[in-house]
1. Under 19 Å from the Cα of B:LYS104, which aspartates and glutamates turn up, not counting those fewer than eight places away in the same chain?
2. What full-extension length gain, to one decimal in nm, is calculated for A:ARG276 and A:VAL34 as 0.36 nm per residue of separation minus the Cα-Cα distance?
3. Among B:MET172, B:ILE110, B:THR199, whose Cα projects farthest towards the positive end of the dipole of the protein assembly as shown, with charges put on the beta-carbon of Lys, Arg (+1) and Asp, Glu (-1)?
4. How far apart, in nm, are two points set 7 Å out from the Cα along the Cα-to-Cβ line at B:LEU219 and at B:ASP165?
5. Determine the calculated [θ] at 222 nm for the protein assembly as shown from helices alone, applying -39500 (n - 2.57) to every DSSP H run no shorter than 4 residues and normalising by the residue count; nearest 500 deg cm²/dmol.
6. If r is the Cβ-Cβ distance from B:ASP124 to B:LYS258 and R0 is 51 Å, what FRET efficiency results, to the nearest 0.05?
7. Could you state the principal axis extents of the C-alpha atoms in the stretch A:71-310, from the largest down, to the nearest angstrom?
8. Quick one: if you stick a label point 7 Å off each Cα along the C-beta vector at A:GLU26 and B:VAL265, how many nm between them?
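All of the numbers you see were taken from the coordinates with simple rules; none came from a lab. All values derive from a computational prediction rather than experimental measurement. Heads up, the Cβs are rebuilt from the backbone with ideal geometry, glycines too, and the neighbour counts pull from every protein chain shown.
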Amino acid sequence: MTLHTASGSPAGDRRTPMQKIAARLEPWLYSAPVLILIVAIMLVPLALGVSYAFRDIRLLNPFSGAFVGLKHFRDLAGDGAFRGALVNTLWWTFSSVILQFIFGLILALLLNRPFKGRALAQALCFLPWAVPSFLSGLDWAWMFNPVVGPIPHWLYALGILSEPSNILSDPETAMWGPIVANVWWGIPFFAITMLAALQAIPKDLYEAAEIDGAGPIERFRSITVPFLAPTMAISILLRTVWIANFADLIIVMTNGGPADRTQIVASYIFTQAFRRLDFGYASAIALVLLVLLLAYSMLIVVLRQTMLTRH
Amino acid sequence: MASITIEAITKTFGTVPVLNDIDLSIADGEFVVLVGPSGCGKSTLLRMIAGLEDITAGEIRIDDRRINEVAPKDRDIAMVFQSYALYPHMTVADNMSYSLKLRKTAKERIAEAVGAAAGKLGLDPLLARRPKALSGGQRQRVAMGRAIVRHPKAFLFDEPLSNLDARLREQMRAEIKRLHKSIGATSVYVTHDQIEAMTLADRIVAMHGGIIQQVGNPLDLYDRPANLFVAGFIGSPAMNFVEGHRRAGAIETDDGSKIAIPDGVQLAEGQAVTVGIRPEHVRIVAGPEAGSYAARVDLVEPTGFGTIVHVRLLGQDLKIYTLERGIAAVGQPLHIALDGARLHVFDRETTNRIG
């Protein structure tokens, strides 16, 4: 018979043990399809990828696959190319994000004021976003090529280059090629988000400030910036993670060269995995990048929380 | 404090005319209310005084200084917006002192001015709060405080009470009036609510279709509306209108009833007119008397203080406003007399008042 314990089970529960188990299982059965999908699509590959980092997996060696423990990580610690890639990643990420942000904000401010043909101008300005990244990478690589592209000749005419050479083949300047392409390609992202935020600012605030005596710069400082700040912070932080992982343009334009001067961590992973076919080592690098980006993402979450509680 | 002169002001948006040849002069210390239905151009006129809207043609002067090309911040005016337009990231004190800070006023002077304004408006306990933490009425007060700390030459109000509920609106209305009495600054106030216009104004400017219909003190507009628009707009419940023609020494309405022509009204035989009579000037009489009409009660609307009785009479739905209770039930026959001295006669073609 039923036991009357402190567990709070209702008196007179006459269900059989089978029925109780079924009742307990019911919610899990309802959510099973989603859980199975998540496990199969996200967790299994992730676990597999993480496990590669501790195994010797080289596609060209049929006898590889053995567990090697922390060997890859020890190798990484002494890998000068990896350290160079880390520095390049910082350089690539922050200059791309900052330039994208500044130009995107300027574009959004310009597009926010009424003028004739604004709808068309908006559509045109958002066009780069629709171009596949590989295609824009190829385009920019050609434009930097003095044989087919105009840019080296322009830079030479402006006196910036001493001769019309390809900046992508000069280790000192090569990183600027993918950065310029990335800025061109990513401006619309910031322009769209900033424009949306700008359009949410009530117009009478500007009018009230104008009557209060605020000039254009003061109005920007005391109304536009505070209103845009939360959007700015979140879009910059999200974009940073995204660009740090974004190797398409570098792979297409310089393939990490010359002399690894444009190699970022993401492109280094790609090189290790698909050119050297060393999946184990590539997975180890990816794991390090994952941890770094996770730490950075936690920063986003904390920042957002503090910003939300302040408002 | 200052006088405002508006001369032959015209405004078009593209090809759409909004204001047409407006002339108005506002005396020093006067409280002028621009009233009219939405789209009549009253807000546009106010925004032109503020400098937020370009002037297509004409001239606006403050104290005899032409301000057409003067930037809003140099006109020395303050404006209260319908949405209040408070800076959401600033505290109440910062909102109020913002304009003084921009004008590089000394810190002590700012504190003094903000303190005085806050005291006047009962904002002292709220100074450290942000607008988000305030109620509608409190925000309204902050918007007013922001305007008065500066001691501007003129106050402009753009429907400042429209976003408040009825009770709060009544309260703020009285407060604005009291404030104007104590500060005495020239004020221009835009509203679509004729009660606000009547209660607040030294002078009402009734506007319709981009044209000034009548300018006068509130009771003038109520007693002697210049045309059909003003007659219908001012007063609640609205004036009754009966259409008719002058025939055989009287006004014959479309259903054949006769209304005696009021003294001082000259009409040509057969002239088409509209007769206006306010519901409060229609009397319910005990029995038939000279010039009275028989009618039947159609609808009764008690408002608490008085009662609005609808009857079918003179070919239309005629409203009667009476302070006596229980005088009429639906379907009951009534005798009705019009107060001859309170009749308004308008020419139906020009819509202008006759006599």
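1. A:GLU210, A:ASP212, A:GLU218, B:ASP74, B:ASP76, B:ASP94, B:GLU112
2. 83.4 nm
3. It is B:ILE110, whose Cα lies furthest towards the positive end.
4. 3.5
5. One gets -14000 deg cm²/dmol as the mean residue ellipticity at 222 nm.
6. Step by step, r from the Cβ atoms, then E = 0.20.
7. Result for the stretch A:71-310: principal-axis Cα extents of 66, 49, 29 Å.
8. Result for the modelled spin labels: 7.9 nm.
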